[in-house]
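Structure first, then comments.
FYI, it's all coordinate maths here, none of it is from the lab. What you are looking at is a predicted structure, and each value in this text was computed from that prediction instead of being measured. Note that each Cβ is placed from the backbone with ideal geometry, even for glycine, and that neighbours are counted across all protein chains shown.
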Amino acid sequence: MDPDKCQGHARCYALAPELFSVDDYGQSTVIGDGAVPEGLEDKARLAVANCPEYAIEEIAD
Amino acid sequence: MARTEAVQGWDTDFDVLDAGYIADPFSIWDKLRTTCPVAHTDRRGSTWLPTRYDDVVALAHDVEHFSSLEVGVIPFEGDEPDDPVLLYGLPPISADPPLHTWTRRLLLPWFSHNQVEGYEELTRQLCVGLIDGFLADGHADAASDYAQQIPARVIARILGVPTELADTFTGWVRDVLEFADDAERRARGVEGLLGFFIEQVEKRRTEPGDDLLSELLHTEVEGEPLEESVVLGMAALVLIAGVDTTWSAIGSSLWHLATHPEDRARLVAEPSLMPLAVEELLRAYSPVTMARMVAGDIEFEGCPMKAGDKVLMNFPAANRDPNAFEDADRVVLDRALNRHVAFGSGIHRCAGSNLARMELRIAVEEWLARIPEFHLADPAEVTWAGGQVRGPRILPVVFG
């Protein structure tokens, strides 16, 4: 997640609240170290594919 | 609402108030995108109309060359009194940094995800109450009896003013936005709205509450209290931006569901689709088109833009661009790849987007829970408002 690109649309939080948190100013952050728990891969990809600012990137491990 | 001369060609003489454009802008954008992706008009001043996703997003991010000091495209006659009450316009929407930055930071916490959750129950009760009022009739105007009634009441609560004033608010906001080309109506709306807030500000100086207005009055920036012009501008913005826009999104979504029984049935059967469906309806029927003002002569996509020209931030057309969305003109309720920009893009992203999204979701959820089957009473009766905010204004539907 690139904090400089995030403009607070909160689409990631709306679609995957298990993976993202959002502060009072709309800034989103990835919960934990960014590793996606098993079973939440689809939600993670949905968050990436819905960010209008291209602020979230999927990194294969 | 045909108040304009016939358009001589959409590439060089477009008119966002043209009745045909208001009824069906989509086919016009589709054509422009392939023939003249940044159209121009000299109506109401030199104005540009981009229709491609990438262009609209690029313009929104270039805040240095495309200023927000003017976000309307309809000039307001008699707009420039010597001592304007709204010295700074409606910050942060009509401001550039640095004024934009700190006024926006003051507003954002009032519309944060957590804060908005606190308004969810109020919104739900409001929707249920409205539906209870017309359910037994077997029919209703989904725009004026329902969609129109919701946002103004929620905003009234946030501003800390009586919710009974909601209809008055709606009247002022329509005068300012929808009838902006009618100088008399617009002046009446501006006067009503400002007079109201000036009175409310006076009251809260002596009797502060826990509402947005009171907090703004008791906020200091760099050791100084906010100027009254800034407080009034911000309060007026919250009202103006939060009423017509969300109401239009709710109305358009209900129009879609009334005219697409397969989508309606699917959403009733699969309520878990709601979060994605709300985003898809926002994409397909984005209500808002703000403007920017060209700061200095610049060439954009081959167009010679001059300082002072307006550029319409055509987010609704961007959201229908087939290069950005597969099957762009079709509503796909569970669309997975959906980087829509209904709430804008960049630093002016709609500050109330969490609230708008919540109101739209609850309004559609509660409607479908009680009225799972409905259709247009007569398609010919439906009317749309357009210009810079598009949505249905008369939308009679029959239940069952």
- Query: Mind checking which residues of the stretch B:104-140 are β-branched (Val, Ile, Thr) and within 13 Å of chain A (Cβ to nearest Cβ)?
  - Reply: B:Val116
- Message: Could you go through the stretch B:311-320 and let me know if any residue there is part of a loop (DSSP other than H, G, I, E, B), closer than 25 Å to B:Val382 by Cβ and among the charged types (D, E, K, R).
- Response: yes
- Query: Only one of (1) part of a loop (DSSP other than H, G, I, E, B); (2) in contact with a Cys (Cβ under 8 Å, 6 or more places away or on another chain) fails for A:Asp24. Which number is that?
  - Reply: (2)
- Task: Looking only at the stretch A:25-48, decide whether some residue is surrounded by 11 or more Cβ atoms within 10 Å (Cβ to Cβ), within 11 Å of chain B (Cβ to nearest Cβ) and of a type in the set (Val, Ile, Thr).
- Result: yes
- Query: Going by the structure shown, is B:Arg205 among the basic types (Lys, Arg) and either over 25 Å from the mean Cα position of the chain (by Cα) or not in a helix (DSSP H, G or I) (or both)?
  - Reply: yes
- In the stretch B:210-223, is there at least one residue being farther than 19 Å from B:Val173 by Cα, among the acidic types (Asp, Glu) and either in contact with a His (Cβ under 8 Å, 6 or more places away or on another chain) or in a helix (DSSP H, G or I) (or both)? yes
- Filter pass, B:Arg283 being in a helix (DSSP H, G or I), of a type in the set (Lys, Arg) and surrounded by fewer than 22 Cβ atoms within 10 Å (Cβ to Cβ): no
- Which of (1) within 26 Å of B:Ala324 (Cα to Cα); (2) within 13 Å of another protein chain (Cβ to nearest Cβ); (3) touching a residue at least 12 places away in the same chain (Cβ under 8 Å) is the odd one out, the single condition A:Val22 does not satisfy? (1)
- Exclusive hit being more than 14 Å from every other protein chain (Cβ to nearest Cβ), over 25 Å from B:Thr34 (Cβ atoms) and surrounded by fewer than 22 Cβ atoms within 10 Å (Cβ to Cβ), set B:Pro275, B:Pro271: B:Pro271
- Task: Would you check which residues across the stretch A:1-19 are in a loop (DSSP other than H, G, I, E, B) and at the interface with chain B (Cβ under 8 Å from one of its Cβ atoms) and list them?
- Result: A:Gln7, A:Gly8, A:His9, A:Ala10
- part of a helix (DSSP H, G or I) and either aromatic (Phe, Trp, Tyr) or more than 19 Å from the chain's Cα centre (by Cα) (or both), is that true of B:Leu122? yes
- Message: Restricting to the stretch B:286-296, name every residue that is part of a loop (DSSP other than H, G, I, E, B) and closer than 10 Å to B:His65 by Cβ.
- Response: B:Ala295, B:Gly296
